[in-house]
Amino acid sequence: MDQTMGSGDVKYHMGYSAEVSTPEGKDIYLKLTPNPSHLEAVDPVVVGFARAKADVMYDSNFDQVLPILIHGDASIAGQGIVYEVLQMSHLRGYYTGGTMHLVINNQIGFTTDFDDARSADYCTSLAAMVQAPVLHVNGDDAEAMVKAVQIATAYRQKFNADIFIDMLCYRRHGHNEGDEPSFTQPLMYKLIDAKRTTRTLYTEALVGRGDITPAQAEEIEAEYQSQLEQVFASVANYQEEHDPNFVPPIVPNAEDVPTFISEELIREIAATQTAIPEGFNVHPKLLPQLQKRAESINDGTIDWSTGEMLAFGSLLKEGRPIRLAGQDSRRGTFSNRHAVIIDKENGSEWTPLRSLISDANQFFVIDSLLSEYAAMGFEYGYSVEREEALVLWEGQFGDFANGAQTIIDEFVSSALQKWGERSSVVLLLPHGYEGQGPDHSSARIERFLALCAEKNMTVAQPSTPASYFHLLRFHAANPKRRPMVVFTPKSMLRLKAAASSISDFTSGTFLPVIGDSTVNNATRLIFCSGKIYHDLVAERNRLNDSSTAIVRVERLYPLPVAQMEVEAKKHPNANLLWVQDEPANQGARPHVALSTTEAIGGTAVDGRVLRRISRRASASPATGNHHLHEDEAKALMVEAFTR
């Protein structure tokens, strides 16, 4: 079986594109976006793709791009994603110049009657939210339908706003080949069975007006049927063309790709933070934070946000566009990023990193609407089209990505395998066990790792600002585009023990595994990932322990088992432990166990068992009791150094 384009999908989910010539001689590029069965999930992907097309090809001239969304009457009324996408339509970060919405209103949703499918008078009632016009048209009137499309197109081009066409029609057959609709709608289907088809009605109208003769009608029908048969035969005999000279891009080893930058460039980027425009009023509480960024270059206290700033600035200088969107992303959830500064007197904006570039739109940072589903879908669609850009979606907290699980399952993790669709979108998900309770602790690492296979994406949890810097730069340079999920810190954003020095940025690469050079021939070797590394080091120092080595796994997928084994061989007499903050059934542990246990198909780490140290298995990600959280954290440290 040829799987060069992945595992594939059913034919009606596959995308299609073509250059079409109009009767007026204009060439138009048409693209049907690949889409899953999950109703309306593709909507934000389409508008994100359209926005990227306009940004890349037409210098944001939205008259040159027209997104068209085809809805069903039941799905447009029932799926909240439609509301979210419509709410985006006039926002500067998501504007596309208007979307045309075509509603196939067959007055039924699978087996649900329309009076059970909505409370609103019309399935298109939500259009009133943005004052979008709705053209209600009889689907049996072909010429009225064409006229409605002409009016809608003219309106969209004139006013650059959304418009709806509500095509009132019916479904002649069942929902699928095996469905008998008269089981559930017997009265409706008595009427439908007695109705003449739309083609018959239009033919009768044309003949009745004298526009064509019955013989001409039969000739037109026969000619069209012949065209369909020819196309069907050509598809049945189609053999995909293969370029014998095509060489697929090879994913280089991360440690082989130089991602460091010069000290001169570092200082140039840092200087942007204090180059305040004349007359601009920075909030007095914010000014010291900006000054600290420049100072940290000299005193070796580069924090997480400064490391990210250096990654963004260096990529901008290399000509790469960057788009970052999310709830509170301009400031940062934890008042940490401050990519856009607001004048405290007049509300004007200053984006420091834009001083490095000539085109301000090369660096685009926005606060999204309070949405995850549509907002993540938009960024995914944008990244598909704008291949050279670093496109990032950030959750306010990592577990907020739960609201976009359909986008993660149907697009981010599997689109390449199903449809051959490539994306390099980055999801930034704050994660950390710091006593904030069940809803603000876990980004659900285990869920993402359960979706990993066939090298479909990168999943990482860097432990230092420099590691994060190198990771972003490697991801941007990787020729084999893949999505990436990064579990970003919270308290570690400003943790002094996690700070990096300038030398960490002027040398080195992204290392999937970072060894421990401070201990030789340890009796206990701990593997861990993320913030808990710093907790373990602090506990080791408190205990004066010189027999425990602590190794960081910075990349969780693809899991670098071979490099973990190299570290294990340095300590042949050591007990091997995997230590994590998360409960036993969550976090990276289930994935690590699957990959490192020979009995279940994994590869052992130097033939030794990698034992678990974690919180007990739990249905909830974390306790809501802060005292209990502290007790659990202490117990973790005790067990890690005594087991």
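Values for this structure:
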read-out: Candidates Ser348, Ser314 - the one that is closer than 19 Å to Pro465 by Cβ and among the small types (Gly, Ala, Ser); value: Ser314
read-out: Of residues in region 328-357 being open to solvent by 50 Å² or more (accessible area, probe 1.4 Å) and at pLDDT 95 or above, the one nearest to His440 (Cα to Cα); value: Arg331
read-out: Checking Gly332 against (1) free of Cβ contacts under 8 Å to residues at least 12 places away in the same chain; (2) in a loop (DSSP other than H, G, I, E, B), the condition it does not meet; value: (1)
read-out: Pairs, first exposed (fewer than 11 other Cβ atoms within 10 Å of the Cβ) in region 271-286, second among the acidic types (Asp, Glu), C-beta under 9 Å, six or more apart; value: Gly279/Asp343
read-out: Filter result (open to solvent by 70 Å² or more (accessible area, probe 1.4 Å) and farther than 21 Å from Leu135 by Cα) within region 50-78; value: Met57, Tyr58, Asp59, Gln64
read-out: Number of positions in region 298-327 that are open to solvent by 50 Å² or more (accessible area, probe 1.4 Å), among the charged types (D, E, K, R) and assigned to a helix (DSSP H, G or I); value: 2
read-out: Total residues in region 449-472, condition over 18 Å from the mean Cα position of the chain (by Cα) and either under 23 Å from Leu290 (Cβ atoms) or surrounded by fewer than 19 Cβ atoms within 10 Å (Cβ to Cβ) (or both); value: 6
read-out: Search result, residues across region 34-67 that are assigned to a loop (DSSP other than H, G, I, E, B) and either farther than 23 Å from Phe363 by Cβ or touching a strand residue (DSSP E or B) at 6+ places or on another chain (Cβ under 9 Å) (or both); value: Pro34, Asn35, Pro36, Ser37, His38, Leu39, Glu40, Ala41, Val42, Leu66, Pro67
read-out: Filter result for Gln417 (open to solvent by 10 Å² or more (accessible area, probe 1.4 Å), within 24 Å of Ser595 (Cα to Cα) and assigned to a helix (DSSP H, G or I)); value: yes
read-out: In region 254-265, the residues that are surrounded by 13 or more Cβ atoms within 10 Å (Cβ to Cβ) and assigned to a loop (DSSP other than H, G, I, E, B); value: Val257, Pro258, Thr259, Phe260, Ile261
read-out: Enumeration of residues in region 130-183 that are basic (Lys, Arg) and more than 27 Å from Val85 (Cα to Cα); value: Arg172
read-out: Condition check for Pro438: open to solvent by 10 Å² or more (accessible area, probe 1.4 Å) and not in a helix (DSSP H, G or I); value: yes
read-out: Candidate set from region 487-521 (those that are in a strand (DSSP E or B) and within 14 Å of Ala466 (Cβ to Cβ)); member that is most open to solvent (accessible area, probe 1.4 Å); value: Ile514
read-out: Spans of strands (runs of 3 or more DSSP E) in region 100-202 with at least 1 residues surrounded by fewer than 13 Cβ atoms within 10 Å (Cβ to Cβ); value: none
read-out: Those residues of region 227-252 which are under 30 Å from Ala562 (Cβ atoms) and open to solvent by less than 90 Å² (accessible area, probe 1.4 Å), in sequence order; value: Pro248, Pro249, Val251, Pro252
read-out: Residue list for region 7-19, restricted to those being farther than 16 Å from Ile68 by Cα, without any contact (Cβ under 8 Å) to a residue 24 or more places away in the chain and not in a loop (DSSP other than H, G, I, E, B); value: Lys11, Tyr12, Glu19
read-out: Region 209-226, subset open to solvent by less than 70 Å² (accessible area, probe 1.4 Å) and assigned to a helix (DSSP H, G or I), residue nearest to Glu143 (Cα to Cα); value: Ala217
read-out: Some residue of region 276-292 being in contact with a helix residue (DSSP H, G or I) (Cβ under 6 Å, 6 or more places away or on another chain) and either of a type outside the set (Lys, Arg) or assigned to a loop (DSSP other than H, G, I, E, B) (or both); value: no
read-out: Residue among Glu295, Glu268 that alone is on the phi < 0 side of the Ramachandran plot, open to solvent by 60 Å² or more (accessible area, probe 1.4 Å), among the acidic types (Asp, Glu) and under 32 Å from the mean Cα position of the chain (by Cα); value: Glu268
read-out: Long-range neighbours under 7 Å by Cβ, at least six apart or interchain, first residue under 21 Å from Trp304 (Cα atoms) within region 524-551, second of a type in the set (A, V, I, L, M) and part of a loop (DSSP other than H, G, I, E, B); value: Ser529/Ala588; His534/Leu495
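Condition check ((1) in contact with a strand residue (DSSP E or B) (Cβ under 8 Å, 6 or more places away or on another chain); (2) closer than 25 Å to Asp399 by Cα; (3) in contact (Cβ under 8 Å) with a residue 24 or more places away in the chain) across all residues:
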| site | (1), (2), (3) |
| --- | --- |
| Leu471 | yes, yes, yes |
| Arg482 | yes, yes, yes |
| Val485 | yes, yes, yes |
| Ser491 | no, yes, yes |
| Arg494 | no, yes, yes |
| Ala497 | no, no, yes |
| Ser500 | yes, no, yes |
| Ser503 | no, no, no |
| Val513 | yes, no, yes |
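The values are calculated or read from the model by the stated rules, or taken from the named source; none is laboratory data. On a predicted model such as this, the values are computed, not experimentally measured, just so you know. All Cβ positions, glycine included, derive from the backbone under ideal geometry; neighbour counts span all protein chains shown. Quick note on the areas: whole protein, heavy atoms, side chains included, nothing else; ligands and nucleic acids left out. Shrake-Rupley method; radii C 1.70, N 1.55, O 1.52, S 1.80 Å.
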